[in-house]
Every structure is written in C-alpha cells, then in structure tokens.
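Here's the structure, in structure tokens; my notes come after.
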Amino acid sequence: MKTFSLDILTDEAYGKLSERHSLPVIGITANHEGIDHTLREAYCKQVTATGGVPVILPAIDDAQVISETLDRLDGIIFSGGGDHNPLWMGEQPVPQLHGINAVRDSAELLMARMAANRQMPMLGICRGMQTITIALGGHVKQDIDAPTLKHSQDADRSEPTHTVRIGHDTMLYDAMRCDEITVNSFHHQAVDEAGVHLRIVATAPDGVAEAVENSDYKSVIGVQWHPEWLGEDGLPLFRWLTDRAADYRKAQQLHDRILSIDSHCDTPMFFHQGVDFLKRDSRILVDLHKMREGRLDATSMVCYLPQPYEADNGASEERKGKKFSELVHFPIESPREYTDFIFDEIEKIVNRAPGSIAFARNADELARNKQSWRKSIMLGIENGLAIEDDIRNLDHFAQRGIVYMTLCHNGDNLICDSARGAGKHGGLSEYGRKVVRRMNELGIMVDLSHAAETSFYDALQESNTPIVCSHSNCRALCDHPRNLTDDQMRALAKAGGVMQVTFYGGFLRKDGEATVLDALAHLKHAIEIMGIDHVGIGTDFDGDGGVSGMADASECVNLTMHLLRSGYTVDDIRKIWGGNWLRVMTEVQKNRKAT
C-alpha cells in the first residue's frame, strides 16, 4: 500500500542519496506548442534509467540564457518535433513541407552550435538529428523524394517498422554493438549532406540517412528514429550519452582544479591584421571565447620571426633576396623593433579587457589569474633573431616579461644551427653560448624546438638550468628533423627538462591527415621514453598547428576527455596540461633570483 507521509518519504529519500553528486546532468530540448513547452516523458525515463539527471530545456533564443544553461549541463539531447524552416538552409519551401516550428529553430540551432563549440556530448533524435546537422554545416532535405520505404509509420510508437544498417568503426556501432537494428520511424525530412563535421553512419534499405555522427573525434550522434519509445532496445544510445556526459563532467571538474597551459601559439602574428582576440574570431585558433570554451587557462603567445635567407644558413630558397619586412608582411626591418611591436599589440589587447585576461610571468601570477577568472597570457620569442647581434637585447626582453626564447627557427642564425639549416656553426656559436648563459642569469627558459641535434646537445651542456622544447614531437613516430630522437628525449629528461607535444600535422605523421589520436600516440611514446614528469602540450595554434579533434583552443577539453579515456590519472593530466612546464619555469626563474 502506498504511504502518504512526506516525513517517511523524505527519510527514505535521504537514505538513498550518495555522498557525492556525480550523476551527469542531461538537458533535453522541449517541444513548443501554442503557449506551452512540452516533452514526452519517455525521454526523461530513458535518461534516468541510464544514470543521468534529466532537465527540460525551453526554447529560448537568448544567447546569455543559452550560455549559462550550457554551463550547468554535461550533455544534451535535441528531441523530435516539427520541420525546420528551409530559410536556415537558404531555400524556399517546397509544397511537401509540413508545419515548421519557428520558436524552436533559432533557439536550438544556436544551442547546438554553442554546445559543439564547448565539446559537449550531444544526441539528436529525429528532428534533433536534423538540428545538429544544420547547426554544424550540413543540409536537410525538405521532403524525401519518392522513398521506397514508409518513413512515417502508422504503427504504435514502440513498434519497429524497418531495418537500419550501421557502419563499422563508428561510435554508433560501438553503442549498439551490432550492424543491423530494427527501428520506428516518424519523419519525412532527412539529412542528405552531412557537412564537414559530421558523417552519415547508418542508412535505411532505401538509402535514406538514418544516423550521423561527428567526424572530428567528438561525442556527437544523431539518429532519425525514436529510441526513447523502444524500451530496452533504445537504452544503448542513452547509455552512450550519459557515459560520454560523465566523461565531460569529469574533464570539466578536472580543469577547475588544474592550471592548463599551452606553451606555444603564434596567434600574435595576426593581431595587426584586424582580428579580434576578445571575440570568437573564426580567423584565429586562439581567442578569449575559445580559451573559455576549451577550459584553457593560459597560453604562451610568441613573437614569431621568420629567418631571412643567407647563402649558408639553410633557410628556404623562397626567402632569397627578401627583406625582413617582406617576410613578416609589415613595414619594420629590425627584428628587435618588430618583436617590440608585436608585444605592444598584445599589451593593447590585455589593456582592453583587464577583467578577462592578464599577463603572467610566473606560477603565482598564473594561479592568481585563475582564481580571479582571468585567462593568462605569457610572452615568448620564437627565433633568437629578435636579439640581433646584441646580447643586451635579452635584458630588454626580460624586462618586457618573456618566459622563454626559441634559439632559432628554420635556418641557422647567429646563435645556433637549425634542424632545417646547413650546419653553419656545428651547433651553438660562441655568441650562442653567451646567449644561453645570459638566459640562465635572467631566468629565461632556453627553448630548443627547431634546433639541430648539435645545437640541442650543446645547449644541454651549456645551460645550468633545465631546457625545454616548447613544441616538438617524437622522431620515432614521425621521421622529421624537427622532431626529437629517443636519445634526445632521454637526455632532456635526465637534465630535468620538458618536451611539449605539438599539434602540427606534419610533425605527427608523414602520410595522411593527422588527428588528435596521432598526438595522443606521440604523448604516450614520450611518456614511455621520458616519464610522466617531462611531457606537456604546446599546440602551435595559428602557426599551422591544429588537427581533427584538437583544431583550436576550444577543443582543449576534448583532449582532456581523450586522456581520461586512455587511462591517465588526474595527477598525470595535471602534469601534462602544465604542471611539468611550471616546474621547469619555476626552477629557471629561481636561478635568476639567486644571481
């Protein structure tokens, strides 16, 4: 007999609660009918049955409301319902178009785009599959042309009426654990072009797309059927979502507790070209919004200086006869002057948003910025060409706050030989040895990315503090002169240094398109050779870095989820995402204080 006692009900409820609130919160978009927001209870029951907390989301197209809603979610389901307005795809309505739901369109399309930017796990169901597709650049056909199957069934909602073939090597196949299933069907619109971010992974016997999923190694699936009505047979999809949402929740919580640092990006080279760091600017891979979405706390922004051509420095023939101003596409001939100009541009950006971003020179400033919800920018120089032939320029840039300098770029310079050079000095020049010693005295990290092996070992011997490679990969996995050999990696670790794995495709693999999985392979190899205390992340974003699954700063949390799924512990990830870099930076800076 049911007991109608709130006291008993409350006591029983508290007796069932766990000490930790760890269930992932799954938002479900509501339908909009007249003046009501509605949702079939089957969605909530399936989410609950697979360990999630269902929350119903109204169709409100206010960007601030959507953003703050997403802040509180771990996953999202885009539910079924009416047709999409064809104007969203640049088309006029065909006669077969059914009733559209204008209230839902803008709200859900914006939510899908913003959730994707945050790497949030998503499941689209029927209309929801079409919502995700449109939001991510695909196309939905207004009406299926002469199908040989009936895709809008008259049978009960829980009754399957046709089969679907699922492609192997897909998330959907892993979730359903079979290549053919029977499904229900209630639609006449259908996806006909998945776009660049999705791929069609299941079809009906007549070729109509029945499922899409993300092609960028993210957690996004859309299905044309209604698994919420299929009971046990529908649970695998909801279980997939709640599992991925749990990963997302864990990654978000981890980023709350750690300092995540990208040791190398080239974004500043675009600042004088009209890009806007304070907006979500599609022309650059690192900006304030992308850092927020990817939960990236700090980035080392470098002034990149291309090495001019000299007869014996090995730089590209394309640079032969060109002035420095032509190489940097700006009317400044002096490398030092150009470096100051770039740093001035970064300073202007920081001054425009002091409540959102700030400079950081050391671990304490990084921690304070994170505590005050500000993103940190650290300064670096890529190519010792910046100090020209006057070592006193190092003191000048130390005063400006640089934390490291890459000794060379592609081509030998006055300091050392490059990995792409002609062996002008046989390693470090005498001037280069003085530069390394002065960097030690000033507390500036010596960066050997781009350096020849001879320069690497010379600097390792010359420096009395650990050296770094701010954006390098493993030559054993990709035979490129820019990458480090296993022997170099062992020597670097023995000296207390750190190698920051980079996301430049050509340094990850020789053939085919590189992905985040290739970067994970380089991380794993580096850890096996060097140990967990000597590896980190230096993306090279906006310096041609960025791969599928880690394409810009907004996708940093996606890398964290892959690390978690690969079995790395919270402490491991803390070290990878900046702890090791901070250790070396702090040690180098302590040496400065002692001089």
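The values are calculated or read from the model by the stated rules, or taken from the named source; none is laboratory data. The structure presented is a predicted model; accordingly, all values stated were derived computationally and were not measured. Cβ placement follows ideal geometry from the backbone for every residue including glycine, while neighbour counts extend to all protein chains displayed. Note: accessible area is taken over every heavy atom of the protein model, side chains too, but ligands, DNA and RNA are not part of it. Shrake-Rupley method; radii C 1.70, N 1.55, O 1.52, S 1.80 Å.
Side notes on the structure shown:
- Measuring with a 1.4 angstrom probe and ignoring ligands and nucleic acids, Asp192 comes out at about 60 Å² accessible.
- Relative contact order of the range 459-564, pairs being alpha-carbon contacts under 8 Å that are 6 or more residues apart, as %: 27
- A simple spin-label model places pseudo-atoms 7 Å from Cα toward Cβ; at Asp7 and Cys178 they are separated by 5.2 nm.
- Sorting the Cα pairs of the range 308-380 by distance into bins of 10 Å, from 0 upward, gives 18, 31, 23, 20, 8, 0 percent per bin.
- Percent of C-alpha pairs per 10 Å bin, the range 141-272, short to long: 11, 34, 28, 13, 10, 4, 0
- The distance between label points at Glu347 and Lys320 comes to 4.0 nm (points 7 Å beyond Cα on the Cα→Cβ vector).
- Cleavage-rule hits (GluC sites (Glu not before Pro)) in the range 250-358: DSSP loop, at most 12 neighbouring Cβ within 10 angstrom: Glu333
- Filtered trypsin sites (Lys or Arg not before Pro), the range 434-537: DSSP coil and at most 14 other beta carbons within 10 Å: Lys510
- When Rg and Dmax are taken over the Cα atoms of the range 522-595, they come to 14.2, 45 Å.
- Coil-residue GluC sites (Glu not before Pro) of the range 17-63, DSSP, other Cβ within 10 Å capped at 13: Glu19
- The mean accessible area for residues of the range 60-107, using a 1.4 Å probe and ignoring ligands and nucleic acids, is 50 Å² per residue.
- Estimated from the Cβ-Cβ distance and a Förster radius of 25 angstrom, the FRET efficiency linking Lys524 and Asp256 is about 0.45.
- Proportion of all alpha-carbon pairs of the range 1-142 beyond 20 Å (%): 53
- The modelled label-to-label distance between Asp364 and Lys16, using points 7 Å beyond Cα along the C-beta direction, is 5.2 nm.
- Counting protein heavy atoms only, the range 261-409 has 47 percent of its accessible area on carbon and sulfur, 1.4 angstrom probe.
- Multiplying each eigenvalue of the alpha-carbon gyration tensor of the chain by 5 and taking the square root yields semi-axes of 50, 26, 22 Å, largest first, rounded to whole angstroms.
- Looking at the range 1-128 alone, DSSP beta bridges between its own residues are antiparallel in about 20 percent of cases.
- Stokes-Einstein D (µm²/s) once Rh is taken as the Kirkwood radius of the range 336-448 over alpha-carbon pairs, at 37 °C in 0.692 mPa s: 218
- Placing R0 at 30 angstrom, the Cβ-Cβ distance between Glu430 and His396 gives a FRET efficiency of 0.90 after rounding to 0.05.
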